[in-house]
Each structure stands twice: as C-alpha cells, then as structure tokens.
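Visitor: Pasting a structure here, questions to come.
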Amino acid sequence: MFDSLMWQQIIVQFHFIRPLWLLVLIPFGIVIYLRWKQDSKNEWQEQLPKHLRSALTINDAGWKKQLPLKLLGVSMFVAIIVCAGPTWQREASPFGEDKAALLIVLDNSESMLQKDLAPNRLERSKQKIRDLIKQRQGGKTGLVVFSGSAHLAMPLTKDDSVFAPFLAAIQPDIMPVEGKNAETALPLIEPQLGAESVGTVLLITDGVNPATTDAFKSYFEKSRHQLLVLAAGNGDRASDNPMDLSSLKSLASKSNGSVVEVTIDDSDIKTLNSKIERHMQLNNESAMPWKDMGYFLLFPVSLLMLSWFRKGWLVKWCLVALIVFPSFYSTPTYAETVSLKAKTNEPVKEVTAWDKTTQWWMDLWLTPDQQGQWYFDKFEYLMAAKHYQEPLKKGIAYYYAGEYKLAHSAFLQVKTNLGIFNAANSLARQREYLAARDVYQLLLERDLESELKEKVENNLSIMQGIVDEVNRMSESQKGSTDGPEESFELGDDKPKTGDGADEKVDSALMKEEKLNANEILGSQELADKWLRRVEADPKYFLRAKFQLQLRAQSSGSQSSVSGSENSGEGK
C-alpha cells in the first residue's frame, strides 16, 4: 500500500540506474514515425477519387487505426524504461547496517498501570516494543524511560537478548522521581541518535501536558529525527485516568510527527515499522546499491506481446523481442557458505512437488529402513532418522545428528540392554550425568554380555569421575556467595551435573545490608557482590543506575550554576 511517505520518497529519489538507455527512445521514435507514415500512405488508393475511396476500401478508424503498431510502440517504450532501471530506493543490507536507528521513550509513570489495556498500559506497551524489535530484525534500538525525570535504560543495541530482561524490569517503583515529564527525555536523544544521522523517536505514553508539547515542538523543528507517538490506552473502556488522545495528536501535529493508536493485532507495529524505515530511506545515505524497480514492468510488456500472435500482428518481431531482450539481463548470483560438516539441524522448509515426486519414486524401490540407510551412508543423519522405522537405527541416526533428546526417546523404545545403554549415552551427551550414572549402575545389575558389560563399566567410571569433580567444585565454592538471594536451584529442565552439597547458611549472612551508590562504587569487592545480585534481577540495577544518573544531573546543574555565579563575581 502506497502511503504519503512512499509517494514522497518516489518523488524525491526517483531516477534511472542506467539512464543512457533512454537515448534509444530517439531512434525508436523515428522508426515508429516513419512506419506510421508508410502504413498510412497507400499509393494505389491515392489514384482513386476521394468520393470512391471510402466506398471501395475498408480502413480502421479511431483507436483501432494501426493498432498493432500502437501496441508495438507502447510495449517497446516500456521495455526501454525497464532497461534504463527506474528506482527510488536502495537494496536492504544483508547485515542490517542500514536499519533505521530507533530510540523508544517509554512512559513509566503510575498512570501507565491503568487496566483499560489488559493487563495494563505498561505491560501492553512492553509487549508492543518486543513485537516491534522482532519486526525490525536487527535494527539498533535504545530505551529511555521517564516519569518525573528521564533516564537511559538501554543504549542503542542490536542484541535483543540483552534488551529483553531490562525491558521486562521496567516498573514505576524503580523511578527516582514521580510525575510525568516527557520533555526531560529530550536531552538524551542527541547522545544516542546523533546530530548527523537520521533516526526515529518513538514516544509511548497515555497523554502529555502543554509544557511537553511546546518543548517537543521546539526540539523537532530543528532536528532531523522523526517523532512517532504510540497512544497507550483504550478510549472505549472506562478508566480512572483516561488516555488523553487529543493532547497526543496535538503534540504529533506540532512536531511534524504522527500518532498510532494501540491495536489488538499487529497492524500498529507494521505501521510504525514502515514509517521508521521510510524516514531512514528518505533522509539517509546508504552504501547499498539502488534497487532496480523496473522488473515489475515486465508483466504488462508480456501481456502486450501476447496480442502479437494474432494473424498479421508482427509475430516475427514478437519472437525477436522475446529472444533478444532477456539476453540483456542475468539473475543475481550470490556466494554461498560451504560447510564441510554434516548437516545436523536443518531448518524447516516447505515440502515441494519435487520432494513429493522424489519420495514417491524412492518408495517404489526401497523400504523406509533402506531409504534411511541410503541417507545414513551419505552422512545425512537427520534425514536418515526421519526414514528409519526401527527404533535402534533411528536412535543411532539422531545420535549422530546431535539430536540427543530425540535419540534418547528412540532408544527407550528398544527395551533391550543395548537400547538402555545407548539411552544412557544420550543422557550423558545432554550433561545429565547423574541420570546417566544411575542407568549404568542399573545395567550392571543385569546379566550382560562381556563386551557390553565392559563398555558399561568404562562409561560408569567416566560418569562417576565427572560427578565427583562437579561435587568437589560445588564444595570449594560453598560459602563464597552473598546469601540466599544469590543462590538458585536447578529447574526441571536444567541438566543435573552433580549430587550437590548441603548448604548451611550462617545467620550472619542473612543480615540485610543497605549500601549507597558511593559505597558500592568505592569498593571493588562490594561492586562485584552487587553486580552478581543484579544478574538475578535487572530491576535493582536499573533502580541504582537511575539514582546515579539523577545525582549526576543534579551535580552538573549545581556546578553550572556555581560557575555562573563565580564568573559574575569576577566581573
């Protein structure tokens, strides 16, 4: 769908990649003109009187006059335009370097806890941020939160895994000052987006005051950045603090931005992402080549050429055009990474008609197990496992493919000593050392063949050694933590690597310590302890970080004021 930004981009950046092809229009126009004159003039008709000519001859009139030549002229004209390469946008970077930078300014005040958007406005806004980051696919994104003061929660980054936990930790209780002053975020925009580049500021809030509107208007009148506003709220539901949509529209209008209301689907995210990318394409220079947009015109050219197969419609010229013009183009060729390793985790792909035909042909001549062996001999272990029906062979193929959980499930279906032994090996590969050790011990209680018994004893000694080493490490690290807040238990989905040790927590360690920022930063030991605690919950980190930022801002303001007073006294 062509929106206003798309039309603006086409008007501003439209040009031809190969403009010299347009010179062909000159001889082409001359040829068409001469051919038109030649077909219009019939010498034998000129010998007839005018009053007899119309009665004795049959001529097409109006739009049908010399229709084949007209269609030839139109199709060749479009073909020349295709060769010239019309374009108005650049190719997307395969590494995401040309993605538009986005700084999200999120309202973290108490009003964002209203429940007109389930579960509340803040949580729904964070959900929309996650969806937008996923839609951008590697674009740089930063996060600023504000209430009575604004603070940088996350600088521009492409790493979604780093961004996610800090976004989840955003809550009003981590803010050092209560209120709703979005204008305090304006000084943080330039350090992140830069003055030279072009980016987008996404303001997510449920309303602004007149002072905020005036501040944003003054800032964006001089800035190259774009302002987008995501209105967080639902006007159709009653709320103690309803969303002020009119103030947001006024803010966007005066700041040359636009407002997007939160929707139940992802249409709001698609709209935001489209506006972000279009603004970057419209203003930023890029090292990527221009995208040839002329290929879409080949479809109308092909339709026009179909008419030439009618009797007397220049069939020969049509065939020449079909043969000659495609020779000027070649499909893009890209280098592919060649791996010398066996393909283990293949991406899910759509089954094509060719795959079905190939499978049908193999089913005519080979059993499923034979097909699995064929793939196994070609080192395509995952495909072999999919075709094997015998559980033992299927498990071995999954094991070679590195799919140890699937291999474990297959080996359990064998229900023989060899199957249980292989199942234990799969557990060991998943670092389930305790479970693997117990299975090996269980096998030794059975009557095993000498060769299998030797393998079980060997693997049991290895597993016991690993478990003992893990237990020694756990014992040596006992008491080195800061108490219960820094310890955690393995969940059901975590590998069990050791027996563990009984922890005895001294009551002195349970004493709560309250440290200020200066004490934390003044001692490396305290800083390390604090950082280990932060890893468990980023909320503590953000709360302390915002306090430090506020203190730095306050001290900077006081220094500037005292500097002004001193300079005044000097005068």
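FYI, it's all coordinate maths here, none of it is from the lab. Keep in mind the model is a prediction, meaning the values are calculated, not measured. Please note: Cβ atoms are built from the backbone with ideal geometry, for glycine as well, and neighbour counts cover all protein chains shown.
Visitor: If every alpha-carbon in region 158-250 counts as one equal scatterer, what log10 I(q)/I(0) does Debye give at q = 0.13, 0.24, 0.25 1/Å?
Guide: So the normalised log intensities are -0.57, -1.37, -1.39.
Visitor: Another one. For a quick check: with amide H placed at 1.01 Å from N, whose amide H comes under 5 Å from residue 233's, ignoring anything fewer than 5 positions away on the same chain?
Guide: 262
Visitor: Starting from the Cα-Cα distance between residue 70 and residue 367, subtract it from 0.36 nm times their residue separation and give me the gain in nm to one decimal.
Guide: Result for the pair: 100.7 nm of gain on full extension.
Visitor: For the pairs 126/158; 134/270; 126/254; 128/254; 415/455; 378/455, flag any whose C-alpha to C-alpha distance is greater than 20 Å.
Guide: As for pairs spanning more than 20 Å Cα to Cα, those are 126/254; 128/254; 378/455.
Visitor: On to the next question. Between the DSSP loop rule and a limit of at most 15 other Cβ atoms within 10 Å, which GluC sites (Glu not before Pro) in region 401-473 are left?
Guide: Of the GluC sites (Glu not before Pro), the ones in loops of region 401-473 whose Cβ has at most 15 other Cβ atoms within 10 Å are 445, 449.
Visitor: Take the Cβ-Cβ distance between residue 238 and residue 177 as r, set R0 to 22 Å, and report the resulting FRET efficiency rounded to the nearest 0.05.
Guide: 0.15
Visitor: Highest mean first, how do 188-194, 217-223, 274-280, 360-366 rank when packing is the count of other Cβ atoms within 10 Å averaged over residues?
Guide: Descending mean neighbour count gives 274-280, 188-194, 217-223, 360-366.
Visitor: Which order, highest average first, do 197-203, 549-555 follow once you tally other Cβ atoms within 10 Å for each residue and take the mean per peptide?
Guide: Per-residue Cβ counts within 10 Å, averaged per peptide and sorted highest first, yield 197-203, 549-555.
Visitor: Here is a further query. Would you calculate the separation in nanometres between label points at residue 360 and residue 15, each defined as 7 Å from the Cα along the Cα-to-beta-carbon direction?
Guide: 5.3
Visitor: Using the Kirkwood formula on the Cα atoms of region 104-163, what hydrodynamic radius do you get, in angstrom to one decimal?
Guide: 12.2
Visitor: Follow-up. For residue 553 and residue 438, calculate 0.36 nm times their separation in residues minus their Cα-Cα distance, and state this gained length in nm to one decimal.
Guide: So the extension gain works out to 35.4 nm.
Visitor: While we're here: What value does region 353-473 have for Rg/Rh, both radii from Cα atoms and Rh as Kirkwood defines it?
Guide: The Rg/Rh ratio comes out at 1.11.
Visitor: Which of the peptides 13-26, 149-162 is most tightly packed, and how do the rest follow, judged by the mean count of other Cβ atoms within 10 Å per residue? Intermediate results must be reported in sequence, preceding the final value.
Guide: On the way: 13-26: 13.1, 149-162: 17.1.
The densest-packed peptide leads the list: 149-162, 13-26.
Visitor: Applying the Karplus parametrisation 6.51 cos²θ - 1.76 cosθ + 1.60 with θ = phi - 60° to the phi angles of region 107-123, what ³J(HN,Hα) value in whole Hz is obtained for each residue in order, glycine and proline being reported as x?
Guide: My calculation for region 107-123 gives 6, 10, 8, 5, 5, 6, 8, 5, 9, 5, 10, 6, x, 7, 4, 5, 5 Hz in order.
Visitor: Which distance in nm do the two modelled labels at residue 430 and residue 24 give, with both placed 7 Å along the Cα-to-Cβ direction?
Guide: So the label points at residue 430 and residue 24 sit 6.3 nm apart.
Visitor: What is the set of long-range amide H partners of residue 203 at a cut-off below 5 Å, with H atoms built 1.01 Å from backbone N?
Guide: When sequence neighbours closer than 5 places are left aside, the close amide H contacts are 105, 228, 229, 230.
Visitor: Also, quick follow-up: I need the Debye-formula profile for region 101-283: one equal scatterer per C-alpha, no solvent, reported as log10 I(q)/I(0) at q = 0.16 1/Å, two decimals.
Guide: These q points yield log10 I(q)/I(0) values of -0.94.
Visitor: Continuing with the same structure: For region 17-22, in order, what is each residue's ³J(HN,Hα) by Karplus, 6.51 cos²θ - 1.76 cosθ + 1.60 with θ = phi - 60°, in whole Hz (x at glycine and Pro)?
Guide: 6, 10, x, 5, 5, 5
Visitor: Among DSSP beta bridges lying fully in region 101-283, give the percent that are antiparallel, nearest 5.
Guide: Of those bridges, close to 20 percent are antiparallel.
Visitor: Suppose R0 equals 30 Å. What FRET efficiency, 1/(1 + (r/R0)^6) with r the Cβ-Cβ distance, do residue 157 and residue 263 give to the nearest 0.05? Display every interim value, and only then the final one.
Guide: On the way: r = 27 Å, r/R0 = 0.90.
Here the calculated transfer efficiency is 0.65.
Visitor: Test of understanding: ordering 121, 130 by Cβ neighbours within 10 Å, fewest first, what list do you get? Before the final figure, lay out the partial values.
Guide: Details: 121 28, 130 16.
The fewest-first ordering by Cβ neighbours comes to 130, 121.
Visitor: Step through the residues of region 151-167 one at a time and calculate ³J(HN,Hα) from phi using the Karplus curve (6.51 cos²θ - 1.76 cosθ + 1.60, θ = phi - 60°), rounding each to whole Hz and writing x for Gly and Pro.
Guide: Working through the residues one at a time gives 9, 7, 8, 8, x, 4, 8, 9, 7, 5, 5, 7, 5, 4, x, 6, 5 Hz.
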